Amino acid sequence: MNFKRDKKEEESGEASNPFGNLEKTTVLQEARAFNDSVINPRKCTMILSKVLYLLNQGEVFGTTEATETFFAITKLFQSKDPILRRMVYLGIKELSHIAEDVIIVTSSLTKDMTGKEDLYRGAAIRALCTITDASMLQALERYLKQAIVDKLPHVSSAALVRSYHLTSGSGELIKRWVSEVQEALNSDNVMVQYHALGVLYHIRKADRLAVTKLVSRLTKSHMKSPFAVSLLIRIAAKLVDEEEKPLDSPFFDFLESCLRHKSELVIFEAAHAIINLKNVTAREINPAVSVLQLFCSSPKPALRFAAVRTLNKVAISHPTSVTNCNVDLENLITDSNRSIATLAITTLLKTGAESSIDRLMKQIASFVSEISDEFKVVVVQAIKSLCLKFPRKHATLMSFLSALLRDEGGLDYKAAIADTIITIIEENPEAKETGLAHLSEFIEDCEHTVLAVRILNLLGKEGPKTKQPSKYIRYIYNRVILEQAPVRAAAVSALAQFAAHCPNLLPNILVLLMRCQMDSDDEVRDRATLYFQLLSSGDRALTNQFILNNLQQSVLALEKALGSYLQGPTDAPFDIKTVALASVTSDELKPTVATPGILKTKPAEPKKAPVKEVSFLDEVSNIPDLARLQLGGLFKTCTKQPLTESETEYVVTSTKHVFSQHLVLQFHVQNTLPDQLLENVKVQLDVPDGFRQVAVVAIPKLPYGTPANAYCVLAWPEDLEVASGATIGATLKFIVKDCDPDTGVPDSDEGYDDEYVLEDVDVNLSDHIFGVTRSNFAAAWEEITTEREETYALSNANTIPEAVKNIVDFLGLHPCDRSDRVPEGKSSHAVALAGVFRGGIEILARAKLVLSDGVNLQLTVRAQDELVAELITASVG
Amino acid sequence: MGIFDKLAGLLGLRRREVNVLVVGLDNSGKSTLLNHFKSEESKSSEIVPTIGFNVEKFQNKNVGFTAFDMSGQGRYRSLWEHYYRDCQGIIFVIDSSDKLRFVVAKDELDTLLQHPDIANRRIPVLFFANKMDVKEAMSAVKISAALGLDRISNKPWHICASNAITGEGLQEGVEWLTGQIWEYVDRRR
Ligand SMILES: Nc1nc2c(ncn2[C@@H]2O[C@H](COP(=O)(O)OP(=O)(O)O)[C@@H](O)[C@H]2O)c(=O)[nH]1
Ligand SMILES: [Mg+2]
């Protein structure tokens, strides 16, 4: 009975929308009534509403239709009915982007905006500014300036808001209105003051000094409008973040003082700003958190929501600061507003103790179906960080996640869940089997191609290493039969991984791959053919190299290298060793705090590194003195090092670019003295024995404020030991010309020589080594036989994790199979490391660490070159 | 409300509402002219060049005029036609002293008269030979010849010399128009 009535209400609810079934043609027909010589305001208002409704529903109006309707609307100016007139303004605004010749209403709107009817003025200003282009604006300038200082707040606000929007196209013109805007800033009206500050900041924002002045003045002036103060807080927070020592900034004091403001809006804004500052510690955050804690028990849902949402974020960066609010958050778990409840629970999950997890998960499960995807993602993220914090809870969390996977949901949400499961698997070996099982089930019914592809890749990588690899084959092969081409291709690759890993599965998989060679898609067929051939050859080395090991070159660099190889007429085979390697960015492996949609943003190949490698090669080709050296492919670019303090007259940083035969030192030089022009700026090196300098590139002119690069190129010494441990002294040499600080024009042609001593540039073993991952370390290990082994007592480490970190940093090799994770409380550990030495020589290393009164290390290195292996064992210790 | 309107209301006479279109080259005096008809308090003290159009309302006898004062600048002339269909009278203003542009005025007039929304309607056209006070001003007769008004056969038309600033000649013209509109509208009944 009850149910029935609901249904009825729903139906009648729909029918009660008078615009529910509008037809565009009918409405446009009706709009002809606007042309009648006697206007019926009520009728026309209704018709105009329908037109607006259609436009807002996304109905597309053609140019002719829109223009016709627009001109019909202009005729309504003859009616003095105020309601109709305001609809006319709206109609003008909505159609102004589609219709032609909309400037026809300029005079009529100008009349309304300056006229006696106050009701019209604000709306007329808004409509006028939407139809006006930059060329017409000048004619209207004086009216708009007057309107900005109008005594009616809504008129002034309308003019200010429009000015704000106009700054994007007509910025220069608006700058001339500063004095009017300043006057409006003193208004008593809260909105006018807020809008005026917005415009003023917008005009000034490119000029840091002007903004600083504005903020200093206003922070002392006690503005009345809480909105304006909130905006001021945002601007001030931005300035604080740009400061070297943010906490000493007077603007930081201002932010703190706003925590004691009488307006809740301002208090929240200040707390939010402080919490989001870049480099704050718990000490600065705590007062802000206390304020939010009070808001948690506010009777206003909006305040509770704002507070808990902000606390939720803080919980990631400063969990202990939020723990104080746990009692208040507990009270919000049962909040009738589901959004507040969700945020409270997820915050508690982030800060709470392991013992409370089961209880909280039950609580969420009771209403997870009622909340929106966006909040579900928040829940999933909270679970992810929990899994990392409490690995032992993985069973509870994993079963919760798999239940979520089976529910309805969009890509972002599903991706977040899958991503979380993947992270758990990667972090926690115990959870692997269950996690893979859940994911295999999931791809059986997954409508998101990207997600299916990613999971298949994971199955290919992890599945073969499980106890019973064969059980995944069915899931994977089902994809080949049922899915679209990209998924089928990924499935084929996954099958090949299983076959390469598990000899007992090989015959069966070969049969499956044979079938895949009939696929209708080129990519799928090509992959199947390639893998079939590789696998049926029975050559371990081949399968290792092409199936188990992933591509180590950066894809972008490879593409570029192949491009230029094809252009040059050469018979020599393409040498893949000249292609820059893809660096394994450390954040790819770190347990990142997930952002929604991380699956989409996380590329298979790390994105940043190849871009850097490719772009430096471009730079080299543009500098004749470097291009002439024929440096070849870039092996590695090391991280930037400062060679001066950051606040000196000349700021210099250096970057080492390692090529197979050369070392290119790039010096980024910045002149911070406005009254000096530097010329012929170069770096003079104390070249160590064995090295040979082959080029020096100077900066011809270095004016104030525009940094430029100088270069030195050294040829590597033959002796690897010399090459892998050197200290190079450096001095900046240049000619100084004093100049006018405003124009930068030198006072005279004469300058004087000067120099500036820089910090030394160090060259280390790790500069020659590029860390890479090996997905099958054991197989790779078997392939290389040249070996050196050495035992050491490490003096600089007291714990095993510390020792692992030191070794990885020192050697520049990359840990494989997550062996750099040291299980807690263990007294011995083995790390597998892999990398490539300059010139393309592969290196593998096993480091066994034992804790005994300090840390003992047994290092076994295998390399394709004996000298390299020896160099590495010799340089440790 | 004037006394006549009240009386007309009592006697059951309906007031007529008509739309007229005020066109002519820029600077000919259209806006000044309409300003003259407005009541004291709504008169504007300053006339600026019109961009697009303005709607003005005024009364003559028992006819309420809604005048669309169109901009005469070149860029906007092509937009006049949007307002042809629903007007019941046209006022065409000429600057009598602007001899140089008589041809342009004639051109615009011809285009207007040939427009499908105007050509076959017996719609009254009132010409103001404005700025008669200026020394070089041509007489209404000469202007009528220059514009070839005698060729207009299917529409009642009338020309009077005027001074929009003082108002001289305006009343005569509008009275003629009022009379024509009564006739035109009655005929259409
Ligand atoms: N001497 C004189 N000037 C006039 C007369 N009518 C209008 N003006 C002036 O002519 C200029 C243009 O008038 P305006 O009404 O804006 O012309 P519109 O472009 O046709 O609307 C203004 O400076 C008026 O003062 C008139 O009869 N005699
Ligand atoms: Mg005008």
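Over all residues in B:56-66, what is the mean tally of Cβ atoms on other chains that come within 10 Å of each residue's Cβ?
On the way: counts 2, 2, 0, 0, 0, 0, 0, 0, 1, 0, 7.
That works out to 1 on average.
Straight-line reach only, C-alpha to C-alpha below 13 angstrom: list the aspartates and glutamates that A:Lys24 could link to, leaving out same-chain residues fewer than 8 apart.
A:Glu59, A:Glu65
Sorted from fewest to most neighbouring beta carbons within 10 Å, what does the list A:Ile424, A:Ile83 look like? Let's see the in-between values first.
On the way: A:Ile424 26, A:Ile83 14.
Ordered by Cβ neighbours within 10 Å, fewest first: A:Ile83, A:Ile424.
Distance from the Cα centre of segment A:344-394 to that of segment A:461-510, in angstrom?
After rounding, the separation between the Cα centres reads 33 Å.
State the Cα centre-to-centre distance between segment A:629-658 and segment B:109-125 in whole Å.
Value for the Cα centre distance between the two parts: 80 Å.
Counting each DSSP H run of 4 or more residues in chain A as -39500 (n - 2.57), what helix-only mean residue ellipticity at 222 nm follows after dividing by all residues, to the nearest 500 deg cm²/dmol?
On the way: 40 runs with 471 residues, N = 877.
The helix contribution divided over chain A gives -16500 deg cm²/dmol.
Given Cα pairs under 8 Å that are at least 6 residues apart, what percent is the relative contact order of segment A:784-844? Could you put the intermediate results ahead of the total?
Numbers: 50 pairs, mean separation 14.9, N = 61.
Rounded, it is 24 percent for segment A:784-844.
Lysine pairs in segment A:672-824 with Cα distance under 13 Å, only those 8 or more apart or on different chains: how many are there?
Eligible lysine pairs with Cα atoms under 13 Å apart amount to 4.
For segment A:13-94, which trypsin sites (Lys or Arg not before Pro) pass both filters: DSSP loop (anything but H, G, I, E, B) and at most 13 other C-beta atoms within 10 Å? Mind showing how you got there, number by number?
Values: sites: A:Lys24, A:Arg32, A:Arg42, A:Lys43, A:Lys50, A:Lys75, A:Lys80, A:Arg85, A:Arg86, A:Lys93; in loops: A:Lys80.
For trypsin sites (Lys or Arg not before Pro) across segment A:13-94 that sit outside H, G, I, E and B with at most 13 neighbouring Cβ atoms in 10 Å, the list reads A:Lys80.
Taking B:Lys142 as the anchor, which lysines have their alpha carbon closer than 16 Å to its alpha carbon, excluding any fewer than eight residues away along the same chain?
B:Lys99, B:Lys106, B:Lys131
So for segment A:425-584, averaging the separation of alpha carbon pairs under 8 Å that are six or more residues apart and normalising by length, what relative contact order in percent results?
15 percent.
When a footprinting reagent is the concern and you count Cβ atoms within 10 Å, what order do B:Tyr84, A:Tyr413 take, fewest first? Working shown, then result.
Values: B:Tyr84 18, A:Tyr413 23.
Ascending number of Cβ neighbours within 10 Å: B:Tyr84, A:Tyr413.
Would you mind ranking A:Lys213, B:Lys57, A:Lys414, A:Lys151 so that the residue whose beta carbon has the fewest other beta carbons within 10 Å leads the list?
Working: A:Lys213 12, B:Lys57 16, A:Lys414 24, A:Lys151 8.
Ordered from fewest to most neighbouring Cβ atoms within 10 Å, A:Lys213, B:Lys57, A:Lys414, A:Lys151 come out as A:Lys151, A:Lys213, B:Lys57, A:Lys414.
Need one number: % antiparallel among DSSP beta bridges in the protein assembly as shown, to the nearest 5.
On the way: 92 of 115 bridges.
Counting only bridges with both partners in the protein assembly as shown, antiparallel ones make up about 80 percent.
Magnitude of the Cβ-charge dipole of the protein assembly as shown, K/R +1 and D/E -1, about the Cα centre, nearest 20 debye?
Values: 118 positive and 136 negative charges, 1003 e Å.
Approximately 4820 debye in magnitude.
For A:Ala715 and A:Val757, what is the calculated FRET efficiency with R₀ set at 30 Å and r taken between the beta-carbons, to the nearest 0.05? List each step's numbers first, then the result.
Details: r = 25 Å, r/R0 = 0.83.
FRET efficiency, A:Ala715 to A:Val757: 0.75.
Relative contact order for chain A: what percent, with Cα pairs under 8 Å and sequence separation of 6 or more? Mind dumping the intermediate values first?
Values: 1351 pairs, mean separation 38.5, N = 877.
Result for chain A is 4 percent.
Cross-link list A:Lys205/A:Lys640; A:Lys43/B:Lys155; A:Lys145/A:Lys238; A:Lys245/A:Lys656; A:Lys75/B:Lys57; A:Lys278/A:Lys393: which exceed 22 angstrom alpha carbon to alpha carbon? Could you put the intermediate results ahead of the total?
Numbers: A:Lys205/A:Lys640 31 Å; A:Lys43/B:Lys155 34 Å; A:Lys145/A:Lys238 30 Å; A:Lys245/A:Lys656 30 Å; A:Lys75/B:Lys57 13 Å; A:Lys278/A:Lys393 32 Å.
Check vs 22 Å cut-off fails for A:Lys205/A:Lys640; A:Lys43/B:Lys155; A:Lys145/A:Lys238; A:Lys245/A:Lys656; A:Lys278/A:Lys393.
How much of the DSSP beta bridge set in chain B is antiparallel, as a percent to the nearest 5? Each step should come with its number before you reach the end.
Numbers: 9 of 32 bridges.
About 30 percent, rounded to the nearest 5.
Dipole of segment B:58-189, Cα-centred, from +1 at each Lys and Arg C-beta and -1 at each Asp and Glu C-beta, to the nearest 20 debye?
Numbers: 17 positive and 17 negative charges, 63 e Å.
Dipole magnitude for segment B:58-189 comes out near 300 debye.
Charges on Cβ only, +1 for Lys and Arg, -1 for Asp and Glu, centred on the Cα centroid of the protein assembly as shown; of A:Gly435, A:Pro624, A:Gln864, which one is farthest towards the dipole's positive end?
Of the candidates, A:Gly435 comes out farthest on the positive side.
Averaged across the residues of B:42-51, what count of C-beta atoms belonging to other chains lies within 10 Å of each residue's C-beta?
Details: counts 2, 0, 3, 0, 0, 0, 3, 2, 5, 12.
Partner-chain Cβ atoms within 10 Å, mean over residues of B:42-51: 3.
Once you charge only the Cβ atoms, +1 for Lys and Arg and -1 for Asp and Glu, what is the size of the charge dipole of segment A:400-524 about its Cα centre, to the nearest 20 debye?
Details: 12 positive and 18 negative charges, 115 e Å.
Rounded to the nearest 20 debye, it is 560 debye.
Farthest toward the dipole's positive end in chain A, which of A:Gly62, A:Leu456, A:Ile841, given Cβ charges of +1 (Lys, Arg) and -1 (Asp, Glu) about the Cα centre?
About the Cα centre, the residue reaching furthest to the positive side is A:Gly62.
How many Cβ atoms of partner chains, on average, are near each residue of A:106-115 if near means within 10 Å of its Cβ? It would help to have the intermediate numbers written out before the result.
Details: counts 7, 13, 7, 2, 5, 5, 0, 0, 1, 2.
Mean partner-chain Cβ count within 10 Å for A:106-115: 4.
Any chance you could list the semi-axes, whole Å, largest first, of the equivalent ellipsoid that the Cα gyration tensor gives for segment A:446-547, using √(5λ)? If you can, show how the numbers build up before the last one.
Details: eigenvalues 76, 51, 26 Å².
Working from the Cα gyration tensor, I get semi-axes of 20, 16, 11 Å.
We did not get these values from a lab; they are worked out from the coordinates using the rules stated. Bear in mind the structure is a predicted one, so any value in this text is a computation, not a measurement. Note: ideal-geometry Cβ built from the backbone for every residue, glycine included; neighbour counts use all protein chains shown.
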